[in-house]
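For reference, the structure discussed in these notes is given below.
Read the figures in this text as sums done on the coordinates, not as results from a lab. Since the model is a prediction, treat every value here as computed from it, not as a measurement. Every residue, glycine among them, receives a Cβ derived from its backbone with ideal geometry; neighbour counts consider all protein chains shown.
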Amino acid sequence: MRAFAKAVSVLFHPLLFPLYGSALILAVNPNLYGYFGEKVHFLWLIIVFILTCLFPAIWLVMMKRLEMIDNLQLDTANERIIPFIATATFYLMATWMFKPSVTMKVPSNLLIFYMMMGGTVAIFVSFFINIFSKISLHAVGGGSLIGLGMLMIRFSTYDLRIVFIALILLAGLIGTARLVLEKHTPLQVFTGYLVGFTGQFVAFSIISRFV
């Protein structure tokens with residue numbers, strides 16, 4: 001059971017959720033972005049992966065080599081402070097890359113822009129909560145996927161009810177894995193769900209009105 005929980009935790013590492021969310025956006029909205037072609041879709045995913053997964057991962061490894069953290073799991077709240085700031089910076093860079101008003105050779109993607117903005121909001125809220133208590137970042141990612149899946153229903157031409165249910169079950173599996181590994185308490189997991197979901201809701205429903 002613990003081996004399976006570890007596998008789930010690795011496969012759905014917090015740094016991978018922006019990539020999964022971007023893939024979801026492209027998969028359920030072919031009418032919005034299909035005309036860009038597969039090369040542009042792949043480029044978008046590469047940009048998200050580099051800025052939200054690869055760069056933060058390299059930063060963590062550097063911190064480990066410099067003995068600024070004990071391990072890459074970031075088990076204590078204090079160890080998470082600098083990684084939070086670094087990751088938030090990379091998220092802001094990714095958000096800027098997809099902003100429609102930015103004149104770049106890479107085509108913008110409004111939905112990925114909102115998703116990254118929601119992720120940035122979730123990181124800053126998580127950083128604040130981390131001052132007082134740990135929060136499950138895996139659950140933050142799971143909550144973000146639930147929020148994103150629900151919000152995609154109004155954009156996609158597909159019937160996403162099955163997808164939405166699958167995302168809820170996936171988020172539940174991720175949270176259960178963290179509890180099985182005894183990395184978090186139930187409160188920390190549920191708080192993570194709430195923060196992740198709220199971040200996406202704020203980005204798509206509130207921030208979108210001003211951007």
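Per-structure values
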| item | result |
| --- | --- |
| Max mean-square fluctuation residue, GNM over the chain, Cα-Cα springs under 10 Å, options 84, 12, 42 | 42 |
| Axial C-alpha extent at least 18 Å, average Kyte-Doolittle at least -0.5 - helices from the chain (DSSP) | 81-97, 110-130, 137-152, 161-180, 186-205 |
| Shape category assigned to segment 1-53 from the gyration tensor of Cα positions, a/c cut at 1.5 | prolate |
| Nearby lysines by direct alpha-carbon distance to residue 99 (threshold 28 angstrom, same-chain neighbours under 8 apart not counted) | 39 |
| Fewest-first ranking of 68, 1, using other Cβ atoms within 10 Å as the exposure measure | 1, 68 |
| The chain: most fluctuating residue of 143, 37, 175 per GNM, C-alpha cutoff 10 Å | 37 |
| Overall form of segment 1-101 per C-alpha gyration tensor (a/c, 1.5; a/b vs b/c) | oblate |
| Exposure proxy order (Cβ contacts within 10 Å, fewest to most) of 134, 39 | 39, 134 |
| Those lysines that a straight Cα-Cα span of less than 26 Å connects to residue 6, excepting residues fewer than 8 apart in one chain | 64, 134, 183 |
| Computed helical MRE - 222 nm, the chain, DSSP H runs ≥ 4 contributing -39500 (n - 2.57), nearest 500 | -22000 deg cm²/dmol |
| Prolate/oblate/rounded label for segment 121-194 (Cα gyration tensor, a/c 1.5) | oblate |
| Over segment 107-173, relative contact order from alpha-carbon pairs under 8 Å, at least 6 apart, % | 29 |
| GNM flexibility winner over the chain from 135, 58, 25 (Cα, springs under 10 Å) | 58 |
| Whole-number percent relative contact order across the chain, with pairs defined as alpha carbons under 8 Å at least 6 apart | 28 |
